[in-house]
Amino acid sequence: MPNTMSASLFLSLRDDTAVANGDEGQLSVRADGVGVTLKRLTPGVGEALRRLGNGGAYEEHLAEQVLQADGDAALSRFYYYLDQLGRRGLLLRSAMAERGPLATLVATSTSFRYPARGTAPDQFYVLSRFAYLRAEGGHVLLESPLAHAQVRLHDGRAAALVHALARPGPISEVAERVPGLCTDEVALVLDLLLNADMIGEADETGTAATDRPAALESWEFHDLLFHARSREGRHANPVGGTFRFAGRLAPPPPLKELHAGETVALDRPDLERLRRDDLPFAHVQETRRSIRDYAERPITLGQLGEFLYRVARVRECAEMEMATPHGPIRLGMASRPYPGGGALYELELYVAVKACQGLAAGLYHYEPVHHGLERLSGQTAEVERLLKDAAGASGIPGDRLQVLVIVAARFQRVMWKYAAMAYGLVLKNAGVLYQTMYLAATAMKLAPCGLGGGDADLFARAAGTDYYAETSVGEFLLGSLP
Ligand SMILES: Cc1cc2nc3c(=O)[nH]c(=O)nc-3n(C[C@H](O)[C@H](O)[C@H](O)COP(=O)(O)O)c2cc1C
C-alpha cells in the first residue's frame, strides 16, 4: 500500500546496487553481500522496478505506471517486490524537499516490513526515548533499538526536526518549530520517522506509542541498545568470529605485558594433594554461599596464592594457526582453569588488599604464568576508594574488608576477533570467572562475595591502564571464614 499523504516518498536503490535482466523476464538486483532475483514480472512492474535502479522515482508515479500498464492486480505484486527489496536493505525511501532529499529510510534487518502508516494532521507526535543520532561515514543516522530500520538525515533541517520532536506536537506546530521546512515537507519526514518506529503518537503524558508496551518500561536506553546490537535479529551487521582486525592489526598478545617493578612470588599449591583432600564437588556446590562476614584473623598470602592458582593461573601457553578471511594467522594462546569464549582469556585479575597476613596493603596485578603478584601501588587514595565502594556494595563495614579481587578485561584481545558480540562475551566470561571464584573459595573454606558494580574509571586511574584498552568489568570480595 502507498502511504496516505498526497506527496509521496521517493523510491530508489542503494548506490552500489546492480540491476540486470535475467531469463524469462526475471530481474536480478544485487549489492555488496545481498541480492534477490525477482521472478514472473509483468511488463509494467518490470519497468517500474528498473526505474528504481535508474535513479529512482516517486512512489505515486511508479504506482501509476504499474496501474496503467498492467492493471489493478499488478499493484499488490509491485508492493510485494518493494518489500523484498526493502527488507534486504536495497530499497531507499526518501522524503524529498525542493533541493534534494531530507531523510532516507533504509532497513537494517531482514525482519523489516514497511508498515505504510500515514500521519494525521490533528494527532500529536513525539520522539521515542530510544531514538538516537550518531555519525557514520559522513552521514548523520537516526537509529533506535526498537527499529528494524535507520533513517539517514541529509539536511540540517531534518536534524532540527528531530530536535523539535523532543516535545509532542501536531505536524503544523512541529513545522513551526523548524525554520526552512513547510508543513508538507515536515509531514513527509514524519511519515518516514513513524514507519521507522523513531516517533510515535503521543499520549497525555507525552509518551510515544512506540515506548508504551508494559515490558519496555523497565528497559533503560543503553541496556536495550546493547541487547539489540550484541545479539542477532535486529540488525544486519556481521556477528561472531569474523577476525575483523586480521590483516589490519597484529593480534593482541595472550598475556599482559609486565611492569619491571616489584613482584611477590606466590607458592604453587600441590594439585595432587588438592585432588585427594578437597571437599567433594557436590558438597562445595551445595554449600556455596555469599559470605559478608569475616574472621578476626585475615586471609593469608598462602590462601590468596592458592585461590589465584586454582582460579586463574595459565595452565599452558601455545601458538595456534587460525584460518581468517585474510589468510592463516598465528595466535598466541594461554589457557586457564575456567572456560573462556574463543579461548582468548582477555580477563586479568587485580587484588586491592586491605588486610592479608603476609602481604602489604595496596594494589597488585596477578601474573598468571609465573604465579606472582606485581605490586602496582600502596594504599593510595584511589585504592581506598575502590575498597570503600566494595564495602558500600556489600554492606560490609570498610574497616572489616580484607581482599577485593578486581576482574579487568583487555578488550582488544576479544574485539580483534569478534564482531557485534565482543563486549557481551567479556561479561559472560566475567560471570564464568565469578562462579569459578565462588567454588574455589568455598572449597578452600574462605568467604566469597561477588559484586555487581564498580567504578571502571577509578580502577583505570588506580592501576594506570588506558580505559579503552583495559579496565574493570567485575569485582569480587574474599576474606577468612568466621
Ligand atoms: C554477578 C553478581 C553480582 C552480585 N552483586 C552483589 C553486590 O553488589 N552486593 C552483594 O552484597 N552481593 C552481591 N552478589 C551476591 C548475591 O547477592 C548472592 O549471590 C545472592 O543473594 C544469592 O546468595 P548466595 O550467593 O549466598 O547463594 C552478587 C552476585 C553475583 C553473581
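None of the figures in this text is laboratory data; all of them are computed from the coordinates on show. The structure displayed is predicted, hence computed values, not measured ones. Cβ: placed from backbone, ideal geometry, glycine included. Neighbour counts: every protein chain shown.
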Legend entry - Distance (nanometres) between label positions extended 7 Å along Cα→Cβ at N237 and A469: 2.4
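Membrane-span-like helices in the chain: DSSP H runs reaching 15 Å or more (Cα, own axis), mean Kyte hydropathy at least -0.5? Could the numbers behind the result be given before it?
On the way: long enough: 43-53 (16 Å, -0.15); 59-70 (16 Å, -0.73); 72-87 (24 Å, -0.43); 183-195 (18 Å, 1.12); 301-312 (16 Å, 0.55); 381-394 (20 Å, -0.08); 422-443 (32 Å, 0.80).
Answer set is 43-53, 72-87, 183-195, 301-312, 381-394, 422-443.
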Inset, instruction - May I ask you to list the residues of the range 175-193 whose amide nitrogen lies under 14 Å from a point 7 Å from Cα along the Cα→beta-carbon direction of A209? - result: 191-193
Inset, instruction - With r as the distance between the Cβ atoms of S111 and H222 and R0 = 25 Å, compute the FRET efficiency 1/(1 + (r/R0)^6) and round to 0.05. - result: 0.65
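Would you mind calculating the relative contact order of the chain from Cα pairs under 8 angstrom and at least 6 residues apart, reporting the percent as a whole number? Could you put the intermediate results ahead of the total?
Working: 952 pairs, mean separation 57.5, N = 482.
For the chain, the relative contact order is 12 percent.
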Legend entry - Distance in nm between pseudo-label sites at D32 and Q123 (7 Å out along the Cβ direction from Cα): 3.6
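State which stretch of the chain is the longest one without any exposed GluC sites (Glu not before Pro), exposure meaning a DSSP loop state and at most 16 other Cβ atoms within 10 Å.
On the way: sites that count: E98, E204, E217, E220, E232, E257, E262, E296.
After excluding every exposed loop site, the longest remaining stretch is 297-482.
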Legend entry - Cross-link partners of K428 among lysines (Cα-Cα below 17 Å; sequence separation of 8 or more within a chain): K417
